[in-house]
Every structure is written in structure tokens, then in C-alpha cells.
1. Give the dimensionless ratio obtained when the Cα radius of gyration of the range 4-171 is divided by 2.2 N^0.38 Å.
2. Using the Karplus equation 6.51 cos²θ - 1.76 cosθ + 1.60 (θ = phi - 60°), what ³J(HN,Hα) coupling, rounded to whole Hz, does each residue of the range 86-99 give in order, writing x for Gly and Pro?
3. Suppose the chain between Ile41 and Gln116 were pulled fully straight at 0.36 nm per residue; how much longer would it get relative to their current alpha carbon spacing?
4. According to a simple spin-label model (label point 7 Å from Cα along Cα-to-Cβ), what is the distance in nm between Arg66 and Asn3?
5. Taking the simple approach of a point 7 Å from Cα along Cα-to-Cβ for both Lys78 and His32, what is their distance in nm?
6. Can you compute 3J(HN,Hα) from phi for each residue in the range 128-138, using the Karplus curve 6.51 cos²θ - 1.76 cosθ + 1.60 with θ = phi - 60°, rounded to whole Hz and x for Gly and Pro?
7. Order of 136-143, 74-81 by packing, highest average Cβ count within 10 Å first?
8. For Ala58, which sequence-distant residues (separation of 5 or more, or a different chain) have an amide H within less than 5 Å of its own amide H, given hydrogens modelled in the peptide plane?
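A short reminder: the numbers here are calculations on the coordinates, not readings from a lab. The model shown is predicted, which means the values in this text are computed figures rather than measured ones. Neighbour counts are summed over all protein chains in view; Cβ atoms, including those assigned to glycine, are modelled from backbone coordinates with ideal geometry.
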Amino acid sequence: MINYKTLLQQINTFIFDYDGVLTEGTIIMTEHGEALRISNIKDGYALQLAVKNGYRVAIISGAKSRSMVHRLKALKIKDVFLGVENKLETYHAYLRDHSLQPSEVLFMGDDIPDYQIMKEVGMPACPGDAAEEIKRVAKYISPFAGGKGCVRDVIEQVMKVQGKWMNHDAYFW
């Protein structure tokens, strides 16, 4: 079996689910119907750093809210697909539109809607608290839970393997 770190050498694109990966999966509903989510600042730092270092970063999520859009825009993530009913179709279109091979993509998901992408992507990863079905197809399970640093974990690992971690001015906001 290939060590997952060998697969990280080819990664130039990160795709993440939102709820349960960038958040802990808890939604707080306001009296006005807005769904509020809590995100991890270290995950956010790693996401903007990946963008600054030339990695493609995309979000594919079945959820959609204004707060999600604001957070992703602040992190300079441009490839955002929210309210997606068929994640696999969106994934295929993204690969086609950017001339990507599955081996160049790390996808991190946490639950059943992510299962099909997890089976096809070159580097499937998941948070430590992902559904068991997702853990079974993941080539890497982060020791961190969703919304608790799992995104930072995988981005940092890819950048370290590729010699891009802590080596220039892109590290400062």
C-alpha cells in the first residue's frame, strides 16, 4: 500500500465540503432564520495561505448561507459551489474546467453526500469525527475533528511534503 504522503506530492488542488469539515457541523438558527456556523481560525489561515501559494481551493457543499459566502470571500476562495445537490457532478465539471487529474486533488469530506467523490479523488481525506463509511474510503484520517483544525492539518501536510511550508512572505496576512 502506498504511503499517503507520497500522494501529497502531486496535490495542486484542495476541495472541501463545508459543514462538518470547515465547521464542527453544528448550526445555530437565529430567530430570523439565518444559520450560523463556527469556523476555526487556523483552518482559515491555512486556506488563505494555500491560495497565496498558488493552490486551487474549492468548496463543494449542499448547504448555502450568506455567512458561508462572506467567510469564503474573506479567505479569497473563488471556486465556491453552494447549494449543490449532486456533488459528484460538480466535482467532475470542476476537473474538466481546470484540466485536472484526480491524482492532483485532495478532497476532504465527512459524511455520506461526500462518499462518491471520496471514492474517485486521488487523495481522499476526512476529519477524525467523519462518518464510518467515509473513514473506510479515506486514505488519510486527520486526528482533528471537523471545524477543529482538520483543514489546517491537510494543507500543512501537503505544503510540507512539497517544501512550501514556512519559506516566504506569503505567511503574513
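1. After normalising by residue count via 2.2 N^0.38 Å, the value is 0.96.
2. Values per residue, Gly and Pro as x: 10, 5, 5, 4, 5, 4, 4, 5, 5, 4, 4, 5, 10, 6 Hz.
3. Fully extending the segment from Ile41 to Gln116 adds 24.1 nm.
4. Taking the simple label geometry, Asn3 and Arg66 are separated by 4.9 nm.
5. 3.1
6. With the stated coefficients, the range 128-138 comes to x, 9, 5, 4, 4, 4, 6, 4, 5, 9, 6 Hz.
7. Going by the mean number of other Cβ atoms within 10 Å, highest first, we get 136-143, 74-81.
8. HN-HN under 5 Å from Ala58: Phe14, Ile15, Phe16.
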